[in-house]
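Undergrad: Quick one: the structure is below, questions incoming.
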Amino acid sequence: MAGYFRAVRHEARRRSRRRHQPPLSQQPRRHFLGRYEKAGLARSGWAYAATAADYNNDGHEDLFITYWGQNVLYRNNGDGTFTDVTREAGLASSRTRWGAGCCFLDYDRDGHLDLFVSNYVDFRFDDVPKPGEKGTCNWKGVPVHCGPMGLKPCSHLLYRNMGDGTFKDVSDSAGIAGPPQTYGMTVAAADFDNDGWPDIYVACDSTNSLLYMNNRDGTFREEGLERGCAFERGRDDAGGMGLGIGDFNLDGSLDIFKTHFADDTSILYRNDGKGFFEDLTIRSGLAVETRFVGGAAGSWTWTTTGCPTCSSSPAMSTRSWRRASPATATAPRA
Ligand SMILES: [Ca+2]
Ligand SMILES: [Ca+2]
Ligand SMILES: [Ca+2]
């Protein structure tokens, strides 16, 4: 019993310390950087997104971060530190790319996590148009730097995990590099047609979003348009940003919530169970807000009523979509 009360007191002290500790963003910069340096994660660059998973099956979650320039894979050493293994893992590239979204998935179901990376724009400092130089370098009448319109879109990348700590770029042979080039943003892997094989959805900025369906033989086919989740209500220039994948109406199939740039609403696609989607944005009451830039991540959370709700990233918009409950957003099945 004495041990129990000791444990309770220890936990109370721990929680009290945490309560009185300022959030990371308010801690001294020296202290903040020191923690990253000790962990082997300090690095300067233009980072964009991160994903964590145990790619080498050693029981420790590893970390992959996209950058403009060179993406980075950190292997978790299991002792609170990480090692940059980008080169030895075969992920170093001589090409400058703007890595955007990323996710681990086992697309070939061999037990080794593979890696998908979207690219945003083909951006080099020496060929960037000046503000106002092109028609696309204006925004609401104000000359601005081009982007993404006016810059070249990109193809995206799939790396197969070879099971020995290395990855192989299979983007061409797997059918990923084939579709028209887009401005890729957030990516998510999920089994949208419930066939047991992971598919991939890519939210794209100012171009059609992409849905890669898994052919179960190591290749994919892009069917965003055919399956109803490429465009926002007929528009082909909506600025897709973040994604939240979840079963909002509790029918057992994964639906898609996608945030957009300012002037567009977020969008809700209902999955019919076979990987075809219906736009429920208006019927679900979500088509009410266009003032904010949707966050880089939408997320599904659960309320005490048992209904999932979705919100866009508080970093860019604090709008919370609590109206997306089954009572208001579920559409009858055909
Ligand atoms: Ca690991
Ligand atoms: Ca695999
Ligand atoms: Ca599937």
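The values are calculated or read from the model by the stated rules, or taken from the named source; none is laboratory data. Given the structure is predicted, the values throughout are model-derived calculations rather than measurements. We place every Cβ from the backbone using ideal geometry, glycine too, and count neighbours over all the protein chains shown.
Undergrad: Among the residues of the range 52-75, are any away from ligand 2 (no atom under 16 Å from the Cβ), surrounded by fewer than 18 Cβ atoms within 10 Å (Cβ to Cβ) and of a type in the set (Val, Ile, Thr)?
TA: Within the range 52-75, none of the residues are away from ligand 2 (no atom under 16 Å from the Cβ), surrounded by fewer than 18 Cβ atoms within 10 Å (Cβ to Cβ) and of a type in the set (Val, Ile, Thr).
Undergrad: Hey, another quick one. Among Leu225, Leu280, Leu254, Leu286, which is the only one that is at pLDDT 80 or above, more than 23 Å from Val117 (Cα to Cα) and surrounded by fewer than 24 Cβ atoms within 10 Å (Cβ to Cβ)?
TA: Only one candidate qualifies: Leu280.
Undergrad: Do we find that Val142 is surrounded by fewer than 13 Cβ atoms within 10 Å (Cβ to Cβ) and more than 16 Å from ligand 1 (Cβ to nearest atom) in this structure?
TA: yes
Undergrad: Moving on to the next point. So, in the range 39-56, exactly how many residues are more than 16 Å from ligand 1 (Cβ to nearest atom), hydroxyl-bearing (Ser, Thr, Tyr) and farther than 17 Å from Ser118 by Cβ?
TA: 1
Undergrad: Taking the condition closer than 23 Å to Ser93 by Cα, more than 16 Å from ligand 3 (Cβ to nearest atom), of a type in the set (A, V, I, L, M) and buried (at least 24 other Cβ atoms within 10 Å of the Cβ), does Met185 pass?
TA: yes
Undergrad: Is there any pair linking a residue in the range 114-142 that is free of Cβ contacts under 8 Å to residues at least 24 places away in the same chain to one that is part of a strand (DSSP E or B), with Cβ under 7 Å and at least six apart or on different chains, and which?
TA: Once the first residue is free of Cβ contacts under 8 Å to residues at least 24 places away in the same chain and sits in the range 114-142, its partners that are part of a strand (DSSP E or B) give Pro131/Pro143; Gly132/Asn138; Gly132/Pro143; Cys137/Pro143.
Undergrad: Looking at the range 150-172, is at least one residue more than 16 Å from ligand 1 (Cβ to nearest atom), over 20 Å from the mean Cα position of the chain (by Cα), more than 24 Å from Arg109 (Cα to Cα) and not basic (Lys, Arg)?
TA: yes
Undergrad: Determine, yes or no, whether Asp108 is within 16 Å of ligand 3 (Cβ to nearest atom) and in a loop (DSSP other than H, G, I, E, B).
TA: Values: within 16 Å of ligand 3 (Cβ to nearest atom): yes; in a loop (DSSP other than H, G, I, E, B): yes.
Considered against the rule, which asks whether it is within 16 Å of ligand 3 (Cβ to nearest atom) and in a loop (DSSP other than H, G, I, E, B), Asp108 comes out as yes.
Undergrad: So, Asp172, is that one among the acidic types (Asp, Glu) and within 16 Å of ligand 2 (Cβ to nearest atom) or not?
TA: Here the answer is no, as Asp172 does not meet what is asked.
This table checks each residue for (1) more than 10 Å from ligand 3 (Cβ to nearest atom); (2) surrounded by fewer than 21 Cβ atoms within 10 Å (Cβ to Cβ); (3) on the phi > 0 side of the Ramachandran plot; (4) at pLDDT 95 or above.
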position	(1), (2), (3), (4)
Asp205	yes, no, no, no
Asn208	yes, no, no, no
Thr219	yes, yes, no, yes
Asp236	yes, yes, no, no
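Undergrad: Could you give me the residue pairs with C-beta distances under 7 Å whose first residue belongs to the range 77-90 and is among the aliphatic types (A, V, I, L, M), whose second residue is surrounded by 13 or more Cβ atoms within 10 Å (Cβ to Cβ) and assigned to a loop (DSSP other than H, G, I, E, B) wherever it lies, and which are 6+ apart or on separate chains?
TA: From residues that are among the aliphatic types (A, V, I, L, M), the pairs are Ala89/Gly165; Ala89/Thr166.
Undergrad: Name the strands (runs of 3 or more DSSP E) wholly within the range 57-101 that hold at least 1 residues that are among the acidic types (Asp, Glu), within 27 Å of Phe123 (Cβ to Cβ) and away from ligand 1 (no atom under 11 Å from the Cβ)?
TA: By residue number, 82-84.
Undergrad: If you go through the range 114-146 one residue at a time, how many are assigned to a strand (DSSP E or B) and either within 16 Å of ligand 2 (Cβ to nearest atom) or aromatic (Phe, Trp, Tyr) (or both)?
TA: Final tally of qualifying residues: 5.
Undergrad: Please verify whether Arg75 is of a type in the set (D, E, K, R) and at pLDDT 95 or above, treating the condition exactly as stated.
TA: Answer is yes for this residue.
Undergrad: Output the number of residues of the range 249-269 satisfying the condition of being closer than 20 Å to Asp195 by Cα and touching a Lys or Arg at 6+ places or on another chain (Cβ under 9 Å).
TA: In the first step, residues of the range 249-269 are kept if they are closer than 20 Å to Asp195 by Cα; the result is 249-256, 269.
The next check asks that each one be touching a Lys or Arg at 6+ places or on another chain (Cβ under 9 Å); those that pass are 249, 251, 253, 255-256, 269.
Qualifying residue count, the range 249-269: 6.
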